[in-house]
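Below is one structure, written out as structure tokens; the observations come after it.
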Amino acid sequence: MQYKQLPYIKNPVSRILFGTAMSPFFEDGEADHILDAVYEMGITSFDTARRYGLAERSLGRWVEKNNLREKLVILSKCAHHDDFGNKRVSEKDIREDLEISLNELRTTHIDIYLLHRDDPEVPAGEIVSLLNELHEKGHIGAFGASNWSHERIAEANAYAKAKGLIPMTISSPNFSLAEQVEDPWGGGCISISGPKEAAARAWYLENNMPVFAYSSLAHGLLSGRVKNRADAEKLLGEAAVKGYASEDNFIRIARAEKLGKEKGLTIAQVAMAYLFNTELDVFAIVSSASKERMQANIAASEVMLTKAEMDYLDLRD
């Protein structure tokens with residue numbers, strides 16, 4: 001497992017974060033064995049959110065029971081739209097979400113705190129000012145956004161620079177080998193995958209902004225079980241089919257399979273290796289209850305791909 005020290009975060013961040021957006025975390029079911037296993041593999045960073053049912057509670061209980069708080073990096077998110085699509089990007093909602101998250105996680109601070117959705121009608125300066133206040137009080141470490149366009153992050157950071165404030169230093173968009181062809185869940189999901197998002201990726205590279213990639217295996221499309229649309233419709237949820245089941249992505253899967261056979265890798269491993277061979281500073285958020293699959297993901301993060309292989313996977317040859 002590789003790690004990197006990032007600004008405003010005490011502990012190094014593991015390149016793979018374990019994501020709690022899955023059962024049994026949603027229901028606060030028995031999940032300690034999963035967390036025990038991934039921690040033993042060297043994953044010391046964990047992704048959760050106020051939106052993820054009881055996942056924060058499940059994670060917080062495990063952390064406290066094992067006395068691990070000072071050894072981990074916890075990422076949580078706030079201000080997701082409600083079930084009716086109403087936007088919640090406001091000072092009131094952010095403060096309320098943070099208070100609940102701290103209680104559920106049984107901690108006094110969250111290492112990385114992200115806005116889960118955006119509301120372009122709210123000035124970015126208001127949000128970055130509030131996040132600076134919460135950072136100054138010691139409630140949060142690094143902060144940033146998930147599902148914000150790079151233009152909005154740039155707006156927030158321009159304000160921070162002008163006012164002598166700490167900028168957003170973390171962003172969590174969708175990023176994977178598969179192109180997100182449609183918003184899977186609605187409500188403003190942002191992706192930087194595929195040829196249409198080249199300008200966004202260029203901005204991330206130019207600004208040295210870490211990418212905490214969610215749905216890094218395209219919500220199961222790149223798991224190796226799916227080869228065509230019929231497979232996708234049979235094996236994946238509606239959101240995954242809506243977001244990723246495109247002909248170009250099935251071509252990418254076929255190429256990943258071919259390359260994987262040459263290298264002794266699975267499709268999922270080739271897709272994971274792709275992420276870590278881009279020029280971007282990538283941290284992959286991965287959810288899996290399988291110890292074997294998580295070990296395979298970690299191994300894939302060390303695989304080197306040539307530029308020709310990257311171009312081949314991404315349909316650029």
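Of all residues in region 297-317, those that are without any contact (Cβ under 8 Å) to a residue 60 or more places away in the chain have Cβ atoms under 9 Å from Cβ atoms of residues that are hydrophobic (A, V, I, L, M, F, W, C) and assigned to a loop (DSSP other than H, G, I, E, B), 6 or more apart or on another chain, in Ala299/Leu265; Ala300/Leu265; Val303/Leu265. At least 1 residues being on the phi < 0 side of the Ramachandran plot and acidic (Asp, Glu) is the threshold, and among the strands (runs of 3 or more DSSP E) wholly inside region 38-146 those reaching it are 45-47, 110-115. Taking the conditions exactly as written (part of a helix (DSSP H, G or I) and either open to solvent by 30 Å² or more (accessible area, probe 1.4 Å) or in contact with a Lys or Arg (Cβ under 8 Å, 6 or more places away or on another chain) (or both)), does Leu275 satisfy them or not? For Leu275, the condition - part of a helix (DSSP H, G or I) and either open to solvent by 30 Å² or more (accessible area, probe 1.4 Å) or in contact with a Lys or Arg (Cβ under 8 Å, 6 or more places away or on another chain) (or both) - is not met. One residue stands out among those in region 163-222 that are farther than 22 Å from Val286 by Cβ and either among the charged types (D, E, K, R) or touching a Cys at 6+ places or on another chain (Cβ under 7 Å) (or both): the one that is surrounded by the most Cβ atoms within 10 Å (Cβ to Cβ), which is Glu182. Residues in region 223-256 that are in contact with a Lys or Arg (Cβ under 9 Å, 6 or more places away or on another chain), more than 22 Å from Asn297 (Cα to Cα) and open to solvent by 60 Å² or more (accessible area, probe 1.4 Å): Glu247 only.
The values are calculated or read from the model by the stated rules, or taken from the named source; none is laboratory data. What you see is a predicted model, and the numbers here were worked out from it, not measured in a lab. Cβ: placed from backbone, ideal geometry, glycine included. Neighbour counts: every protein chain shown. Quick note on the areas: whole protein, heavy atoms, side chains included, nothing else; ligands and nucleic acids left out. Shrake-Rupley method; radii C 1.70, N 1.55, O 1.52, S 1.80 Å.
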